[in-house]
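Trainee: Input: one structure, supplied below.
The values are calculated or read from the model by the stated rules, or taken from the named source; none is laboratory data. Being a predicted model, the structure only gives us computed values, none of them experimental. When we count neighbours, we look across all protein chains shown, and the Cβ atoms used for this are built from the backbone with ideal geometry, even at glycine.
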Amino acid sequence: MITIGEKMVEPTLILAFVAGILSFLSPCILPNIPGFIAFLSGTTSKEKPSRKDTFLNSLFFVLGFSIIFALMGVLLNTFLQGASYEIQTWLSRIGGVIIITFALHILGLIQIPFLMQEHKIDIKGKAGTYSTSFLFGASFAVGWSPCVGALLGSVLALAVTKPGIAFGLLTLYGLGLGLPFLIVGLFTNQAIKVLNKSKVFLKYFNYVVGILLIILGILVFTNNLTIVSNIFAPAGLII
């Protein structure tokens with residue numbers, strides 16, 4: 001675990017937060033940010049939305065999917081917290097295999113059909129309203145999409161192996177995914193310029209994430225996630 005002040009932080013919580021950020025940076029979300037901002041603000045892509053309206057709608061969007069992710073964590077904690085050590089061991093093995101499978105999908109070595117599909121929930125209402133943005137966020141979490149499917153699935157698999165912190169894992173994943181959206185909503189013009197410049201790195205994204213997930217899957221399968229603690233905090237480093 002990682003020490004923050006006098007408290008110990010489970011390193012997988014940090015991994016979940018990073019996975020959320022990586023989901024935002026995925027090749028099928030990042031290029032669509034301008035259109036996404038236009039939808040939330042209720043304007044066309046050529047109109048300049050109000051910074052306040054854009055940020056507040058982004059906030060409600062983030063709240064929508066964050067609440068869904070948190071509820072997933074609560075459900076996993078409720079159903080799996082009392083599992084025996086033997087069951088937890090098998091859950092770790094199954095979770096590790098699932099994460100490695102998602103990694104192979106990201107690398108393009110195999111195809112998982114349900115991750116190739118996008119399950120949308122029609123949101124009725126005027127774009128640019130808080131209620132619509134919130135429902136859009138909730139549907140974004142429920143609708144398993146190619147953009148976040150493999151990374152979210154990996155976090156869910158990790159949460160199954162660690163039901164005691166499932167709520168924290170899914171909440172921090174939502175925070176990692178939501179924070180960039182809020183930054184873009186607050187500094188729309190500046191953020192979009194930066195994001196446009198980063199498109200050149202997208203072609204390497206899947207390779208990097210895929211390799212990282214394979215390593216994580218192996219650690220989960222072999223029940224050696226403590227190695228992550230040594231990477232983040234060698235020799236008991238306090239951060």
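Trainee: How many of the residues in segment 165-213 are surrounded by fewer than 18 Cβ atoms within 10 Å (Cβ to Cβ), under 22 Å from LEU13 (Cα atoms) and among the β-branched types (Val, Ile, Thr)?
Mentor: Number of matching residues: 3.
Trainee: Which of the residues spanning segment 188-217 are touching a residue at least 60 places away in the same chain (Cβ under 8 Å) and either of a type in the set (Ser, Thr, Tyr) or outside any helix (DSSP H, G or I) (or both)?
Mentor: THR188, SER198, TYR207
Trainee: I'd like the full set of residues that are in a helix (DSSP H, G or I), over 19 Å from the mean Cα position of the chain (by Cα) and either at pLDDT 80 or above or of a type outside the set (Val, Ile, Thr) (or both), limited to segment 77-96.
Mentor: If we filter segment 77-96 for residues that are in a helix (DSSP H, G or I), which is where we start, we get 77-80, 85-96.
Still in the running and over 19 Å from the mean Cα position of the chain (by Cα): 78-80, 85-94.
Matches in segment 77-96: THR78, PHE79, LEU80, TYR85, GLU86, GLN88, THR89, TRP90, LEU91, SER92, ARG93, ILE94.
Trainee: Would it be correct to say that THR54 is modelled with pLDDT under 60 and polar (S, T, N, Q)? Full working, then the answer.
Mentor: Working: modelled with pLDDT under 60: no; polar (S, T, N, Q): yes.
No; evaluated as a whole, the condition is false for this residue.
Trainee: Mind checking which residues of segment 55-100 are buried (at least 18 other Cβ atoms within 10 Å of the Cβ) and among the hydroxyl-bearing types (Ser, Thr, Tyr)?
Mentor: Answer for segment 55-100, where residues must be buried (at least 18 other Cβ atoms within 10 Å of the Cβ) and among the hydroxyl-bearing types (Ser, Thr, Tyr): SER58, SER66, SER92.
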